[in-house]
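First up is the structure itself, then whatever we jot down about it.
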């Protein structure tokens, strides 16, 4: 074959390849196709399956919560597939453990992202912060199991519920009423370094300033489990109440040692700072007496039809497993994903852009009696918080002390820029 004929043959083959590609994608990108049901399909979507991704913590500081979140979402997958899936397609979730390590989280994202339609969980605000640019570049809707307001303002990142700082504004309001604080009083705040703790601190400092209080800061690492030095410092400072934004082990150490030192003041924790297993520890009496939680989600013990059904299903599926806040948050995120995928199917667009657009159309999604508004990526999807109380007698070790309510100061709070 001479060179001119070879060139003509190569050109003809190129035209055939391009034509075939155009026909298979019907005008979409190379990763998009159109199914037999005329639904546009992006990464993670085939004629028979929708694959989702999950980056979780099964070996780090939030391992117990991570396991509950994964279990709840896998239960949702099984129940959904039993009734035909979504858009005539079965649901699958690829789960990767990052152990609450940012670098491992980045590596896990690179492995899971190409074959996923969306991410139903990424545990840890620091992990999500490190992935934020990649998430938006890849246009993959991501539901973090982290609630830092610095994650707001990203089209493809959706914090589900109030953020840590909004919760802390509500917590300071509660302490004002519970502890009878007066202008000039001091509130301690023990918090993890990084996105989670520092975002909670921002809200606490704002709310304290509005009331004339001062915050006594105690920054800790996720590896710190003996908080004796922090308790001593807070006692010497004369704090009238304490906020904690850390993990369950740190909360137990803080409250137990505070009680032992006679610092028996109210302690309000961010939701990730408690696990029901703590009520089997030596710190249990002090926790039941001194600790409160501020949370965007109801306790598993909530006496509502939806929560009762969730708890019943979970206990049947995982006998003996704790029904903790991870079960609730994992289930809520799964329902948010289900709504986005269902609406995207109705619009005949299961591309990543189509899933995000469907999600952003949801103005009053009510899951477990918590209304959520996803239409403005720059604002929290909810401002109302519950106040919960540890109780051995309650399902999941938590009882509802105050129903969800919105504190007026939350709307005036200037959200930090991410």
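The values are calculated or read from the model by the stated rules, or taken from the named source; none is laboratory data. This is a predicted model, so every value here is computed, not measured. Neighbour counts run over all protein chains shown; Cβ positions are idealised from the backbone, glycine included.
Looking at 369, 324, can you tell me which residue is modelled with pLDDT under 95, farther than 28 Å from residue 40 by Cβ and buried (at least 24 other Cβ atoms within 10 Å of the Cβ)?
Numbers: 369 fails: buried (at least 24 other Cβ atoms within 10 Å of the Cβ).
Among 369, 324, only 324 is modelled with pLDDT under 95, farther than 28 Å from residue 40 by Cβ and buried (at least 24 other Cβ atoms within 10 Å of the Cβ).
Filter the stretch 84-132 down to residues that are in a strand (DSSP E or B) and surrounded by fewer than 24 Cβ atoms within 10 Å (Cβ to Cβ), then give me how many there are. If you could, list the steps in order and put the result at the bottom.
Taking the stretch 84-132 and keeping what is in a strand (DSSP E or B), we get 86, 89-97, 119-123.
Pick out the ones that are also surrounded by fewer than 24 Cβ atoms within 10 Å (Cβ to Cβ) and you get 86, 90, 92-97.
Total meeting the criteria: 8.
If I filter the stretch 53-71 for residues that are surrounded by fewer than 20 Cβ atoms within 10 Å (Cβ to Cβ), part of a strand (DSSP E or B) and out of contact with any helix residue (DSSP H, G or I) (no Cβ under 7 Å at 6 or more places or on another chain), do I get at least one hit?
no
Looking at 392, 348, which one is over 30 Å from residue 248 (Cα atoms), surrounded by fewer than 22 Cβ atoms within 10 Å (Cβ to Cβ) and over 16 Å from the mean Cα position of the chain (by Cα)? Give the derivation first.
Values: 392 fails: over 30 Å from residue 248 (Cα atoms).
348 is the lone residue from the list that is over 30 Å from residue 248 (Cα atoms), surrounded by fewer than 22 Cβ atoms within 10 Å (Cβ to Cβ) and over 16 Å from the mean Cα position of the chain (by Cα).
Could you please find all residues in the stretch 178-226 being modelled with pLDDT under 95, over 14 Å from residue 164 (Cα atoms) and assigned to a helix (DSSP H, G or I)?
178
Being outside any helix (DSSP H, G or I), touching a strand residue (DSSP E or B) at 6+ places or on another chain (Cβ under 9 Å), closer than 17 Å to residue 329 by Cβ and in contact (Cβ under 8 Å) with a residue 40 or more places away in the chain is the filter here, so list the residues in the stretch 142-156 that pass it. I'd like the intermediate steps shown before the answer.
The first filter runs over the stretch 142-156 and keeps only residues outside any helix (DSSP H, G or I), leaving 142-148, 152-156.
Filter once more, so that each one left must be touching a strand residue (DSSP E or B) at 6+ places or on another chain (Cβ under 9 Å): 142-147, 154, 156.
Then drop every residue that is not closer than 17 Å to residue 329 by Cβ, which leaves 142-147.
Once the filter is applied, which keeps residues that are outside any helix (DSSP H, G or I), touching a strand residue (DSSP E or B) at 6+ places or on another chain (Cβ under 9 Å), closer than 17 Å to residue 329 by Cβ and in contact (Cβ under 8 Å) with a residue 40 or more places away in the chain, the stretch 142-156 yields 143, 145, 146, 147.
If residue 124 meets every condition in (1) at pLDDT 95 or above; (2) farther than 27 Å from residue 363 by Cβ; (3) not assigned by TED's automatic domain parsing to the domain that holds residue 217 apart from one, which number is that one?
Unmet condition: (1).
Scan the stretch 257-278 for residues that are assigned to a helix (DSSP H, G or I) and within 20 Å of residue 162 (Cα to Cα) and jot them down.
Applying the first criterion (assigned to a helix (DSSP H, G or I)) to the stretch 257-278 yields 257-260, 271-273, 276-278.
Scanning the stretch 257-278 gives 271, 272, 273.
Of everything in the stretch 284-299, what is surrounded by fewer than 24 Cβ atoms within 10 Å (Cβ to Cβ) and within 15 Å of residue 393 (Cβ to Cβ)? Give them in sequence order.
284, 285, 288, 289
Out of curiosity, is residue 61 in contact with a strand residue (DSSP E or B) (Cβ under 9 Å, 6 or more places away or on another chain) and touching a residue at least 60 places away in the same chain (Cβ under 8 Å)? Write out each step before concluding.
Working: in contact with a strand residue (DSSP E or B) (Cβ under 9 Å, 6 or more places away or on another chain): yes; touching a residue at least 60 places away in the same chain (Cβ under 8 Å): yes.
In short, yes.
Where in the stretch 307-418 are the strands (runs of 3 or more DSSP E), entirely inside, with at least 3 residues that are touching a strand residue (DSSP E or B) at 6+ places or on another chain (Cβ under 9 Å)?
Working: elements: 365-367, 370-372, 385-390, 398-405.
Counting at least 3 such residues, we get 370-372, 385-390, 398-405.
For residue 135, all conditions in the list (1) over 21 Å from residue 375 (Cβ atoms); (2) part of a helix (DSSP H, G or I); (3) in contact with a helix residue (DSSP H, G or I) (Cβ under 9 Å, 6 or more places away or on another chain) hold save one; what is the number of the exception?
Condition (1) is where residue 135 drops out.
Pairs under 7 Å by beta carbon, first residue on the phi > 0 side of the Ramachandran plot in the stretch 321-348, partner modelled with pLDDT of 95 or more, six or more apart or different chains?
Short answer, once both residue conditions are applied: 348/38; 348/39; 348/40.
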